[in-house]
Every structure is written in structure tokens, then in C-alpha cells.
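J.: One structure, pasted below without further comment.
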């Protein structure tokens, strides 16, 4: 499952030093401070990273323009809020100076916890998959499923649409079809709680 590294949610601390600093940011610029911070976190974790590279704080910076548009804050206001956030200590000033990136100890801590949780979950899925797989392999596909049929089966398993798009890019039609046939075989033998996770592990294993 190495192709699916983004996070669909992140831990949200409700107390601590960073929340006090966000409160200070809100004193200066209102609720946009809260929106700014947590929308940036959404961007960071959806990229599967623990920091966000933004480049120089200049209106001409195309990447900065794209980020400010994504969180629905004007570029000039985005720059002003970022400068203030760096001054207050919401983001690590040294990291920004050296790498033009935004992060802090809370973000890194959240990232490490989520990464450890994902690794534990993936290990459990892989080990469980090995346990329930039988030596007798089901027959390879003798009938051709359409792409829509493959997609619908994955949707019914709970596989996210963005993962399905990546699956069709990274695997052949035959590989997906064989994995689906084997998944059907497993479901006939055993109740599987995390169907989407098992399918992704199975697909990787069958490649």
C-alpha cells in the first residue's frame, strides 16, 4: 500500500501551548487565524508529510497563491498571517528560514502518531491476510469484468475513490480482476471487518 500515503483525517489537540498561540493569532486577525491554521494542517496531512513547503513570502510566488486560494484567504492577507504566525511561534521560525517550510512540534508529534498507527494497522492487515489465505488458490479470471464492474466492487468494499484512481494507474486490469476474485473467495470463507484494507493488502500481495 505504499502508493497511498495521504491521511484522510488528523488528530486535533484541544489544549496546550499551540492552542494558546492560535488564540493570540485570533486576537490580531479574528477567526481567520483558526481557519488559516487548521486548513494548512489539512493540506499538510493530506500530502502525507509533516511540513508544508511554501517558498518565499511574496505575492508573485505561484505556490503561495495556490495555497492561499485553497484555504480561501487573499494572498496579501495570507502573507500577513504567516508572518504573524512565525513571529508568535505557531510555526518554527528556524525551519522556515532554512527550508521555507511550515511546521511545529505539535504537527510533527501528530504526524508521528498517525504514521505509527498506520504502520501498526498495515502490519495487522498483512499478518491477518497471511493467516486467512488458503493454500488452494481460486482459479484465475476466466471472465472479463468491465472497468465499471471492478470500480463498483471496490466502492462496495469501502475503497476511497482517490485510491481507486491510483489502483487503475498502478495495476493492470488483470491484476485488479484477480485480486477481486480472490477477495470474493475470502469473503465466502470468513467475515472481514476492514474489507478495503484487506483488498489493498491483497492487491499488493498479488502484484
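The values are calculated or read from the model by the stated rules, or taken from the named source; none is laboratory data. Note that this is a predicted model, so its numbers are computed, not measured. Cβ sites come from the backbone with ideal geometry, for glycine too, and all protein chains shown count toward neighbours.
J.: Please state which of the following conditions residue 87 fails to meet, knowing it meets all the rest: (1) farther than 30 Å from residue 165 by Cβ; (2) modelled with pLDDT under 90.
T.: Failing condition for residue 87: (2).
Yes/no per residue for (1) exposed (fewer than 14 other Cβ atoms within 10 Å of the Cβ); (2) closer than 16 Å to residue 95 by Cβ; (3) in contact (Cβ under 8 Å) with a residue 40 or more places away in the chain:
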site	(1), (2), (3)
32	no, no, yes
39	no, no, no
46	no, no, yes
52	no, yes, yes
61	no, no, no
66	yes, no, no
71	no, no, no
77	yes, no, yes
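J.: If you go through the range 144-166 one residue at a time, how many are over 14 Å from the mean Cα position of the chain (by Cα) and closer than 19 Å to residue 185 by Cβ?
T.: Qualifying residue count for the region: 10.
J.: Considering only the range 5-26, state which residues are at pLDDT 75 or above and either under 19 Å from residue 79 (Cβ atoms) or not in a helix (DSSP H, G or I) (or both).
T.: Answer for the range 5-26, where residues must be at pLDDT 75 or above and either under 19 Å from residue 79 (Cβ atoms) or not in a helix (DSSP H, G or I) (or both): 21, 22, 24, 25, 26.
J.: I've got another one for you. Can you name the residue in the range 154-191 that is touching a residue at least 40 places away in the same chain (Cβ under 8 Å) and assigned to a loop (DSSP other than H, G, I, E, B) and is also surrounded by the fewest Cβ atoms within 10 Å (Cβ to Cβ) among such residues?
T.: Checked the range 154-191; the qualifying residue surrounded by the fewest Cβ atoms within 10 Å (Cβ to Cβ) is 190.
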